[in-house]
Amino acid sequence: MRIGYLHLGSPKGGLYRYSQLLAAEARSRPELTVIEADLPAVLGGPSDLAALRRAGSELADAEVVHLQYNTRIWGPPGRQWRAVAALLSECSAPLVATLHDI
């Protein structure tokens, strides 16, 4: 199985580090192929949607994409949906999200 990981947020932050740990564990499994997209930013700027489209393109060959979610990283509700839509515009794989701090 090809599993994608979106590493999002500050590289020193918990969501980014947790995503890295999950990908490292998945890489240790011979039956899994890990595809990773690195986006070390907190979403909110005008260039973020383009960056998410690029990340979606990097993850396009995954059969499933795992991402980490909290409102601080993904932004306010209206922004969150635009961010997910940008990611999915280039990657049609199902998303699995781990919710943090909700």
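Starting from 0.36 nm per residue, how many nanometres of slack lie between S10 and D38 once their C-alpha separation is accounted for?
Contour length minus the Cα-Cα distance gives 9.0 nm.
Roughly how many percent of the accessible protein surface of the chain is carbon and sulfur, given a 1.4 Å probe and a whole-percent answer? Each step should come with its number before you reach the end.
Working: 3150 of 5570 Å².
Whole-percent figure for carbon plus sulfur exposure: 57.
Size of the dipole of region 4-89 about the Cα centre, Lys and Arg at +1 and Asp and Glu at -1 on the beta carbon, nothing else charged, in debye to 20? Mind showing how you got there, number by number?
Numbers: 9 positive and 8 negative charges, 80 e Å.
Rounded to the nearest 20 debye, it is 380 debye.
So for the pair Q20, H100, with labels modelled 7 Å out along Cα→Cβ, what separation do we get in nm?
1.2
Could you work out how far apart the two model spin labels at S57 and S89 are, taking each label as a point 7 Å from the Cα in the direction of the beta carbon, and quote it in nm?
About 1.2 nm separates the two model spin labels.
If you plug each phi of region 77-82 into the Karplus form 6.51 cos²θ - 1.76 cosθ + 1.60 with θ = phi - 60°, what whole-Hz ³J(HN,Hα) values come out, in order, with x for Gly and Pro?
Ordered by residue, 3J(HN,Hα) equals x, x, 5, 4, 5, 5 Hz.
Nearest 20 debye, what's the magnitude of the dipole of region 2-48 about its Cα centre given +1 on Lys and Arg Cβ and -1 on Asp and Glu Cβ? Can you show the working numbers first?
On the way: 5 positive and 5 negative charges, 25 e Å.
I would put it at about 120 debye.
Return the distance in nm (one decimal) between the two label points of a simple spin-label model at T71 and R2, each offset 7 Å from Cα along Cα→Cβ.
Rounded to a tenth, the inter-label distance reads 3.6 nm.
The values are calculated or read from the model by the stated rules, or taken from the named source; none is laboratory data. Treat the numbers as computed from the prediction; the structure is a model and nothing was measured. We place every Cβ from the backbone using ideal geometry, glycine too, and count neighbours over all the protein chains shown. Areas reflect the complete protein model, heavy atoms only, side chains present, ligands, DNA and RNA absent. Shrake-Rupley method; radii C 1.70, N 1.55, O 1.52, S 1.80 Å.
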